[in-house]
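This report concerns only the one structure given below.
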Amino acid sequence: MKFITGSLRRLSCVLGLLLLGLGTAFGTLRAQNQPVKIEPVQEPPPLYLDTNQPVEKRVEDLLGRMTLEEKIAQVHADSKFSTAAIPRLGIPRRWIDDGPHGVREDVGPYSWDPAGRTDDYATWMPALSALGSTWNVDLATAYGNVLGQESRARDKDIILAPIVDIARTPISGRIYEYFGEDPFLNTRMGVNYIEGVQSNDVAACVKHFAGNNQEDGRGSINMDMDERTLREIYLPPFEAAVKEAHVWAVMGAYTKFRGEYCAYNDYLINKILKGEWGFPGLVMSDWGGTHSTREAALGGLDVEMGTLVGSEDKSAYTNFFLASAFLDAIRTNGIPVSVLDDKVRRSLRVMFASHIFDPVRLPGALNSPEHRTTAQRVAEESMVLLKNNNNALPLDVSKIKSVAVIGENAVRHNAAGFFGAGVKTMYEVTPLDGIEQLVGGKVNVTYSAGYSKEGGDSNLVKRAVTAARQADVAIIVAGLNHSRYLDDEGRDRTNLSLPYGQNELIQRVARINRRTIVVLVSGPAIEMDPWLDRVPAVLQAHYSGMEGGHALARILFGDVNPSGKLTVTYPKQLMDSPAHALDTYPGTNGTLFYKEGLLVGYRWFDAKDIKPLFPFGFGLSYTTFEYSNLKLVPGHDTNGPVVTAEFDLANTGPRAGAEVAELYIHQENPTLPRPLKELKGFKKVLLNPGEKQTVSIPLDVRSFAFYDPAQAGWVSEAGNFKILVGSSSRDIRLQDTFHLPQTSVEK
Ligand code: BGC
């Protein structure tokens, strides 16, 4: 039962193991039925408990002791978020939970209703779109570490995170759960996040493999794309999760790929993930993402979760596709037992890797001050200053007497209550809380809602306008929320506009108060045409976690210099985005071909020369940075950089600040067409006023490669490559040409 506390669970596991040893030791004595001199029998513990043995030997030993039924119990759920214990062998119940923004509130074992516990509060971290916008890989490690520690403290074995899916369309309902639109950025953030989680004896489960890029129709839509696009855009973050971060679990997407469900897609899972990449861990289905026994068993699915099985009680779980029906298929030789053994082996490997059987397992920590500090740092580094005319920001408390805070998002709580991305958190510092706490004693802070999620009330607008008229500065905290058709799972947004009449609200407030600052609490992206040129400053604040209000206030009033940059291109209008311009969204008759191919996000805007509202990689600062002196320093070509871009970055403004320097490559005359620019490196550098640093960004051979389907490999072609260094994808400050001396192919 989930209600057993962490320590009780560990105790029951130890007792199970003890009984197991005693049972073996005393079995023969009892059978002889005569007085015996009881001496401690020095029978060695089973090999699989010997931590000095190699993992593979321990796996084989334990597998060899399991009955067919016990093996079957490991490949499907026995409650919403667990698989069964096998006390006889000391295998504990394996607990799984969401991810990705904090360890989710526990639900009842057989329903989605909250379990009603009081010990399942967790740190609510900023959304992954915020983490991505920090462009700070060390923060990704720290974030993963918070998740890992809290998972352990909550007694979870597998955490369903991170999401490394590509933001293909800006209206995806889950875009706020994604790092962004670029495979390289998603890769770098994902790898560090996973390493952070797994350093705590908890398995990360990277998701959704491969291509849950929209919510509409996700349960059945069949997506397809050309092989190069698959390899260059959608797979790299997963490939690196396996090869670099050694992730222990992968979740299959709900969607179909080339006709077969992703969770047991022979090509994606057997051939690529487990075959080419040599993934030794387990593949888990998304909740309800399994639809058959034979295909799932043979297509590479290792653990079936969340299948909808009618009655919601314990017995329902025997109806899972990989439960009784799988057992029957094995018993009747319909499916070889080796297929089951491979699945169980993978589960056992993950258990050993996360030290489930070992006497000491890292204990973790929950709701610690350190975790809250990390949440705040991520929030502070994530917010993106999109516009700041005449230094409208930061606000100087010594020069203003009053601030009108306007907008429902200034007081809305966003942490809890929606699918897997929600977190039950002890508190949430809203934007209004943050502003009041920081400057409430020095300036007069008023609040008016301005709009309502519940529907039109023109008085709200009037009151907001009056408040704005009476204040020195108006701060409108606008944006979206997690309601249906906004930033929510299962359905996409229908457009990029602000809902609830917020456009009109901003226009009317801006008309009355020239110093109107717009703060957007939302996932990316928002259409701003109706008001962008009427306000001096806009800040994208994301869903910024339990400390978000503090972070926001510190940015607005200048205690923190914003350093976030966009990870998604903001189009002027939805039809400028590739999936929509080519009418390939949301698919026709259940099928969706990714016609834009490689030209996702900024690659499309570059190729078609479309001016975005704000480009990928864009973000302002309260200071200014100067780039100079680019040098391309040749390196080695095996397991190291082939070249390192070195350049100077100086803070030429009045305040300390951090700049994300971005490096893109452009191949001249490639044999296969390539995007004009591809991100291949970045570095975030903190500089004091007047300080200058030399920044180095190494490029390995893969940085230059494209995937050639004809050769089934990554080809780095001899020839010239432009190395472009800049402050955004549309603000290249330095460039030089690198000549790659020889062609190589990596299979
Ligand atoms: C989501 C997954 C999540 C799972 C369990 C699904 O609806 O797609 O990301 O991990 O539910 O909550």
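The values are calculated or read from the model by the stated rules, or taken from the named source; none is laboratory data. Here the structure is a predicted model, which means the values were calculated and not measured. Please note: Cβ atoms are built from the backbone with ideal geometry, for glycine as well, and neighbour counts cover all protein chains shown. The protein model used for the area step is the full one, side chains on, heavy atoms only, and it has no ligands, DNA or RNA in it. Shrake-Rupley method; radii C 1.70, N 1.55, O 1.52, S 1.80 Å.
Just a few scattered comments:
- Taking amide H positions as modeled 1.01 Å from N, with prolines and chain starts lacking one, the residues under 5 Å from G713 and 5 or more places away or on another chain are D708.
- Cα point-scatterer Debye curve for region 409-500, base-10 log of I(q)/I(0) at q = 0.10, 0.16, 0.19, 0.22 Å⁻¹: -0.34, -0.81, -1.04, -1.20
- Karplus-derived 3J(HN,Hα), 6.51/-1.76/1.60, for each residue of region 602-611, Hz, glycine and proline x: 4, 4, 6, 4, 5, 5, 9, 6, 9, 7
- FRET efficiency for D396 and W112, using Cβ-Cβ distance with R0 set to 35 Å, rounded to 0.05: 0.10
- The residues of the chain present an accessible area of 37 Å² per residue when probed at 1.4 Å with all protein chains retained.
- Residue (of S703, V535, Q667) at the positive-pole extreme of the chain, dipole from beta-carbon charges: V535
- Angle in degrees between helix 183-198 and the longest Cα principal axis of the chain, rounded to the nearest 10: 50
- Angle of helix 502-512 to the longest C-alpha principal axis of the chain, folded into 0 to 90 degrees and rounded to 10: 30°.
- Listed by chain and number, the aspartates and glutamates whose C-alpha is less than 13 Å from the C-alpha of K611, apart from same-chain residues fewer than 8 away, are D576, D731.
- A compact globular protein would have a Cα radius of gyration near 2.2 N^0.38 Å; the ratio found for the chain is 1.00.
- With Cα atoms, 0 to 90° folded angle of helix 337-353 axis to the chain main axis: 60
- H101, H482, H246, reordered so the largest accessible area comes first (probe 1.4 Å): H246, H482, H101
- Computed from label points 7 Å out along Cα-Cβ, the spacing between R655 and K271 is 5.3 nm.
- Solvent-accessible area, 1.4 Å probe, carbon plus sulfur percent, for the chain: 52
- Taking amide H atoms as placed 1.01 Å from N in the peptide plane, the amide H of K387 lies under 5 Å from those of V538, each 5 or more residues away in sequence or on another chain.
- Tail weight of P(r) past 20 Å, computed on alpha-carbon pairs of region 178-241, percent: 34
- Compactness relative to 2.2 N^0.38 Å, alpha carbon Rg of region 346-440: 1.66
- The accessible-area ordering, largest first, of the residues T623, T671 stands as T671, T623, per a 1.4 angstrom probe.
- Antiparallel DSSP beta bridges within the chain, percent to nearest 5: 60
- Mean-position separation - Cα centroids, region 156-225 and region 98-141, in angstrom: 14
- Note on the chain: with charges restricted to the Cβ of Lys and Arg (+1) and Asp and Glu (-1), its dipole about the Cα centre is near 1020 debye.
- All aspartates and glutamates inside 15 Å of K399 as judged from Cα atoms, apart from same-chain residues fewer than 8 positions distant: D472
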